[in-house]
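Here is the structure we will look at, set down as structure tokens.
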Amino acid sequence: MTRVVLVGPPGAGKGTQATALSRELGVPHISTGDLFRAHIANSTELGQDVKRYLDEGKLVPDEVTNEMVRTRLEEADARGGFLLDGFPRNVGQAEVLGKLLSTAETKLDAVVEFKIDEDVVVERLLARGRDDDNESVIRHRQEVYRTETAPLLDYYADLLITVDAVGGVDDITARVLAALRDRS
Ligand code: AMP
């Protein structure tokens, strides 16, 4: 169970869980949001191109995102597995990921859905206070999740593991690990 995608609305705690799960499973945590933010912080050309999308809570165009992920997955540490956090974010990206993996003669093992009420996540995000965490941008990101990302739950129906994302951080990590173990 080493090639895993994490899906859930912004604020569901995917990033926190991915850090803990990465340690437990011994595979890298690959967050497209973190990769974009690092590019922005370093003022790379890619960073300058994508900044406005992050600021507005819009998806970065697929070509840019897919290419960044392709490059990252080719790095040595990702050969044996990975936890993808924030990618894929729409069905088109999921199709590209499927092709990348089949070219490498491998496939996903599981897709973990973090299930949580929208009202709860909006409260959490307002408390987090990241640059893109003001209320109108948060609402837009939730809308993008509902319309663009949630269809992945059907797309990945055969691989889907749904976990209740309300509770203590350690409890949720334990739930995910138990669910992954049950599947393997
Ligand atoms: P996150 O850190 O996952 O909340 O992502 C922050 C922002 O990065 C999103 O609101 C998007 O602007 C951008 N982003 C992250 N992942 C993707 C993706 N897979 N496709 C397009 N844009 C993304």
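Quick notes
- Sparsely packed loop sites in segment 20-94 (the GluC sites (Glu not before Pro) outside DSSP H, G, I, E and B with at most 11 other Cβ atoms within 10 Å) comprise 74, 75.
- Residue 23 paired with residue 136, simple spin-label distance in nm, labels 7 Å along Cα-to-beta-carbon: 3.9 nm
- Here, segment 2-183 is characterised by an Rg to Rh ratio of 0.93, where Rg is the alpha-carbon radius of gyration and Rh the Kirkwood radius.
- GNM top mover of 28, 151, 88 - the chain, alpha-carbon springs below 10 Å: 151
- Gaussian network model of the chain, Cα within-10 Å springs - most flexible of 76, 165, 20: 76
- C-alpha center-to-center spacing [segment 163-183, segment 47-66] in angstrom: 31 Å
- Gaussian network model of the chain, springs between alpha carbon atoms under 10 Å - residue of 129, 15, 47 with greatest fluctuation: 129
- Förster-model FRET efficiency, 30 Å R0, residue 178 and residue 43, C-beta, rounded to 0.05: 0.10
- Taken over the alpha carbons of segment 2-86 as equal point scatterers, the Debye sum produces base-10 log I(q)/I(0) values at 0.15 Å⁻¹ of -0.57.
- Simple point charges give the picture: +1 on the Cβ of Lys and Arg, -1 on the Cβ of Asp and Glu, and for segment 2-183 a dipole about the Cα centre of about 280 debye.
Quick note: the coordinates plus some simple rules give every number you see, no bench work behind them. Not measured: the values here are computed from a predicted model. With ideal geometry, Cβ positions are generated from the backbone for all residues, glycine too; neighbour counts draw on all protein chains shown.
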